[in-house]
Each structure stands twice: as structure tokens, then as C-alpha cells.
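Let me begin by presenting the structure, written as C-alpha cells, before commenting on it.
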Amino acid sequence: MKNHINTDFDLIIAGAGPAGLSAAIYAGRAGLKVLVLEKEAPGGKVIKTGEIENYPGFTNIQGPDLAMHFFEQATAMGAEFEFSGLKDFERNEVFNVELENGKTLTSKALIIATGTKENLIGVPGEVELYGKGVSYCAVCDGSFYKEMPVAVVGGGYSAIEESMFLTRFASKVYLIHRSQKFRVDNKTLEKAKSNNKIEFILDSIVESIEGTDKVSSVKIKNTINYSKSEIEVNAVFPFIGHYPVSHFVKQIQILDEDKHVVGDEKMRTKIEGLFVAGDVRNTPFRQIVTATSDGALAGQNAVNYIESLD
Ligand code: NAP
């Protein structure tokens with residue numbers, strides 16, 4: 001890319017989930033020198049997802065396989081990768097981007113595609129037994145619980161889909177949800193309801209996760225009649241929503257009240273040259289396909305922005 005401004009990269013993309021990798025594919029294909037920052041494995045939450053049935057082009061694909069396709073495609077388009085998180089950034093004439101590994105790099109444009117992180121239930125035992133039966137990734141840890149009973153908490157897509165995934169291994173999956181209302185489409189819900197390994201425990205909240213060295217049970221309370229009970233399980237998988245990864249954004253004018261980064265229809269923020277894409281954006285619908293769409297828009301509009309600097 002011809003440009004009079006000298007920077008380490010034309011474009012830095014924070015986050016290698018579907019949004020960040022799609023942006024890298026578009027920007028790399030247009031000839032930009034692109035760096036993608038990621039402190040975990042490329043693919044974002046897709047890596048932690050089992051079967052995916054709603055990403056166009058694949059009737060059924062495993063999350064890690066789809067993530068690998070995204071990564072290979074971004075690499076083939078010339079994107080470079082640095083395995084570090086974004087610590088801070090500031091825009092003067094160009095972006096000064098500080099990485100968690102101590103490096104400082106410059107770029108002409110920056111895309112925030114850092115996604116979201118899992119909420120904790122916030123009950124006794126959850127933090128203490130993390131890695132000892134408490135897990136936020138069924139794909140990563142489900143196979144440790146062959147022929148054992150496990151609990152899933154939540155009533156959204158993550159809870160329902162991961163419950164179904166866990167039935168491959170577990171002897172039983174208790175799906176604990178605080179109401180009778182689910183945040184999923186009927187087909188998905190009916191599929192879970194017809195799975196005889198899943199027992200729905202509704203109108204119930206987890207009060208504590210029990211165990212000394214490893215999870216042994218969950219204590220729950222019914223929210224209608226306040227009755228309490230204890231269920232023996234070897235693992236608890238909380239899937240109760242996510243919060244945006246935007247702690248490194250000091251410029252509060254680009255955040256909404258929930259700390260999502262606000263972007264317009266071109267994925268532009270209020271800061272010139274700064275774009276946003278994917279689940280970290282203030283979007284009403286968080287899917288892999290919407291993240292890739294955001295990424296394409298952010299990537300292409302970053303290309304247009306950098307060309308306009310010439
Ligand atoms: P979600 O859709 O926000 O659902 C969170 C669930 O957890 C809700 O049922 C909520 O109950 C419950 N919950 C929230 N706080 C709780 C608490 N403190 N204690 C107990 N339960 C609590 O979250 P998600 O399932 O993680 O999905 C996040 C986003 O990713 C969504 O936009 C979803 O559509 C998307 N997603 C899509 C797919 C797919 O399409 N295949 C797969 C995974 C995720 P209430 O309803 O009572 O608030």
C-alpha cells in the first residue's frame with residue numbers, strides 16, 4: 001500500500017475470532033500489512049464450540065475445524081500474528097498500540113475485535129473449583145466426564161447447545177435455568193428437550209458449587225417455592241452470557257453503557273481510523289455469521305480509510 005506515513009503495520013486487528021480473522025482476510029487481500037493480536041488460540045469462542053449448524057456453507061461443522069479454516073485463510077492472505085493481548089492504544093497522527101507483552105507498535109488503522117468473555121455466576125465454590133470441575137468450555141473439558149453426571153447453568157444458545165454436546169460423554173446433564181423462558185429458537189429447544197440424557201431443572205438458581213478437591217454437587221433453590229435441593233454432579237458448566245472485552249478502552253466516548261464499543265454501519269467508531277467488529281460491538285445479534293460480516297465491513301472500510309490518507 002502506497003502511503004507517506006511510516007508505521008510498523010498498516011492495520012492492527014485486536015482479536016482473532018471470526019470478526020478479526022474476517023477483517024484480516026479482507027485487508028490482507030487488499031494488500032495491507034496486517035497484524036492480528038491474540039492471546040489465546042486463533043478462532044475465539046468458535047474453538048470452544050462443538051457442532052455449528054447455522055454457519056452458511058456448512059450443514060454441520062465442528063467449531064475448532066471452522067476456526068482453523070478462518071485462521072488458514074487469514075494467514076494465506078498475508079496476515080501476521082502476535083500472541084499477545086492489546087493493553088492500551090492512543091491515536092495521535094497514527095495509532096500507538098501497546099501490547100500486553102510489552103511491545104509498542106504503530107499502525108494507520110486499528111480494529112477492535114476482542115469479543116466477549118463468559119460471565120461468572122458468582123456463587124461460593126465457582127472460583128475455588130475452577131479447573132476442578134467448574135468449566136466454561138464443554139468442548140475443552142466435556143470428555144473428562146465420561147459416564148458422569150454434570151450440570152449446565154443458563155437458558156441461552158450456549159447452555160442448550162453445550163448441554164447437547166455434553167450428552168456425548170456425560171451419563172446425565174442437568175440443565176439448571178432460572179426461569180421457564182429460553183433465549184433460543186424452538187427447533188433448538190425441542191431438540192434438547194427430546195434428548196433423554198438432559199433433565200431440565202427450571203425456575204432454579206445455583207446457590208453454591210460444592211466439593212473440596214473437585215466438584216461433588218450443586219446446591220440449588222427453586223425461585224417459585226424457595227425449596228432447596230442438592231444434586232450430585234462431577235462438573236458444572238455455567239453458560240450465563242458474556243461481557244465485552246473492552247477494558248483497554250480508555251476513550252469512554254466510544255463505549256455504550258454496557259461497555260460495548262459503538263460502531264456505525266461501516267464499523268467506524270467516533271475515533272478516526274478506529275473500527276470495531278464482532279461481539280464486542282453494540283450489536284443486537286451475536287452469531288458467527290454476524291461477526292464475519294462485521295469483520296468484512298471493518299476490514300474493507302479500514303482499507304478505504306488508509307487509501308484516503310494518500
Ligand atoms: P445469553 O443468550 O445472553 O443467555 C444467557 C442465559 O443465562 C439466559 O438464559 C439468562 O437468563 C441466564 N442468566 C444470565 N445471568 C444469570 C445468572 N446470574 N444466573 C443464572 N442464569 C443467568 O448468553 P449465551 O447463551 O452465552 O449467548 C451469548 C450470545 O451468543 C447470544 O447473543 C447468543 O445468541 C449467541 N450465541 C449463538 C449461538 C448460535 O447461534 N449457535 C451459540 C452460542 C451463543 P434470563 O433469560 O433469565 O436472563
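The values are calculated or read from the model by the stated rules, or taken from the named source; none is laboratory data. Given the structure is predicted, the values throughout are model-derived calculations rather than measurements. Methodologically, a virtual Cβ is constructed for each residue, glycine included, from the backbone with ideal geometry; neighbour enumeration extends over all protein chains shown. The area values use the complete protein model at the heavy-atom level, side chains included, leaving out ligands, DNA and RNA. Shrake-Rupley method; radii C 1.70, N 1.55, O 1.52, S 1.80 Å.
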Qualifying residues in the range 256-284 (those that are under 21 Å from residue 16 (Cα atoms) and aliphatic (A, V, I, L, M)) - the one surrounded by the fewest Cβ atoms within 10 Å (Cβ to Cβ): 262
Single condition residue 281 does not satisfy, out of (1) in the same structural domain as residue 110 (by TED's automatic domain parsing); (2) closer than 27 Å to residue 164 by Cβ: (2)
Pairs where the first residue, in the range 231-246, is among the small types (Gly, Ala, Ser) and the second is open to solvent by less than 10 Å² (accessible area, probe 1.4 Å), C-beta under 7 Å, 6+ apart: 235/133; 235/135; 235/150; 235/215; 246/261; 246/280
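Restricting to the range 219-234, what's the tally of residues that are within 13 Å of the ligand (Cβ to nearest atom) and either buried (at least 19 other Cβ atoms within 10 Å of the Cβ) or in the same structural domain as residue 89 (by TED's automatic domain parsing) (or both)? I'd like the intermediate steps shown before the answer.
At the first step, the residues of the range 219-234 found to be within 13 Å of the ligand (Cβ to nearest atom) are 220-221, 223.
Add one more test, that the residue is either buried (at least 19 other Cβ atoms within 10 Å of the Cβ) or in the same structural domain as residue 89 (by TED's automatic domain parsing) (or both), and what stays is 220.
Count: 1.
State which residue is nearest to residue 45 (Cα to Cα) when the search covers only the range 100-136 and only residues that are in a strand (DSSP E or B) and over 20 Å from the mean Cα position of the chain (by Cα). Before the answer, list the steps.
Let us first name the residues in the range 100-136 that are in a strand (DSSP E or B), namely 104-112, 116-118, 130, 134.
In the following step, the residues that additionally are over 20 Å from the mean Cα position of the chain (by Cα) were identified as 104-109.
On the way: 104: 27, 105: 26, 106: 27, 107: 26, 108: 28, 109: 25 Å.
Taking the candidates together, the pick is 109.
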Qualifying residue in the range 121-129 (condition: under 28 Å from residue 186 (Cα atoms) and touching a strand residue (DSSP E or B) at 6+ places or on another chain (Cβ under 7 Å)): yes
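Taking residue 287 as the residue in question, decide whether it is at pLDDT below 95, open to solvent by 20 Å² or more (accessible area, probe 1.4 Å) and not aromatic (Phe, Trp, Tyr). Break it down stepwise before answering.
Numbers: at pLDDT below 95: yes; open to solvent by 20 Å² or more (accessible area, probe 1.4 Å): yes; not aromatic (Phe, Trp, Tyr): yes.
It is true that residue 287 is at pLDDT below 95, open to solvent by 20 Å² or more (accessible area, probe 1.4 Å) and not aromatic (Phe, Trp, Tyr).
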Strands (runs of 3 or more DSSP E) completely within the range 219-294 that count 3 or more residues being farther than 22 Å from residue 64 by Cα: 228-232, 274-276
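So, of the residues in the range 137-147 that are away from the ligand (no atom under 14 Å from the Cβ) and assigned to a helix (DSSP H, G or I), which turns out to be most open to solvent (accessible area, probe 1.4 Å)?
Kept after step one, since they are away from the ligand (no atom under 14 Å from the Cβ), are these residues of the range 137-147: 140-147.
In the following step, the residues that additionally are assigned to a helix (DSSP H, G or I) were identified as 140-145.
Values: 140: 67, 141: 42, 142: 1, 143: 49, 144: 132, 145: 33 Å².
Only one residue tops the list, namely 144.
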Search result, residues across the range 49-97 that are touching a helix residue (DSSP H, G or I) at 6+ places or on another chain (Cβ under 9 Å) and either in the same structural domain as residue 168 (by TED's automatic domain parsing) or of a type in the set (Phe, Trp, Tyr) (or both): 55, 58, 70, 71, 81
Conditions (1) under 16 Å from residue 297 (Cα atoms); (2) away from the ligand (no atom under 14 Å from the Cβ); number of the one not met by residue 6: (1)
Test result for residue 256, in contact (Cβ under 8 Å) with a residue 24 or more places away in the chain and more than 18 Å from the chain's Cα centre (by Cα): yes
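Kindly provide the set of residues from the range 148-190 that are polar (S, T, N, Q) and either over 12 Å from residue 238 (Cα atoms) or more than 10 Å from the ligand (Cβ to nearest atom) (or both), ordered by number.
Looking only at the range 148-190, we keep the residues that are polar (S, T, N, Q), and these are 158, 163, 167, 171, 179-180, 186, 188.
Hits for the range 148-190 are 163, 167, 171, 179, 180, 186, 188.
So that you can scan it fast, the table gives a plain yes or no per residue for (1) open to solvent by 40 Å² or more (accessible area, probe 1.4 Å); (2) charged (D, E, K, R):
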residue	(1), (2)
161	yes, yes
178	yes, yes
205	yes, no
211	no, no
217	no, no
236	no, no
Selected residue (only one of 249, 245 is within 16 Å of the ligand (Cβ to nearest atom) and either buried (at least 20 other Cβ atoms within 10 Å of the Cβ) or not assigned by TED's automatic domain parsing to the domain that holds residue 277 (or both)): 245
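Which residue out of 46, 134, 127 is closer than 30 Å to residue 174 by Cβ, in contact with an Asp or Glu (Cβ under 6 Å, 6 or more places away or on another chain) and either at pLDDT 95 or above or in the same structural domain as residue 20 (by TED's automatic domain parsing) (or both)? Reasoning before the result, please.
Details: 46 fails: in contact with an Asp or Glu (Cβ under 6 Å, 6 or more places away or on another chain); 127 fails: in contact with an Asp or Glu (Cβ under 6 Å, 6 or more places away or on another chain).
Every option except 134 fails the conditions.
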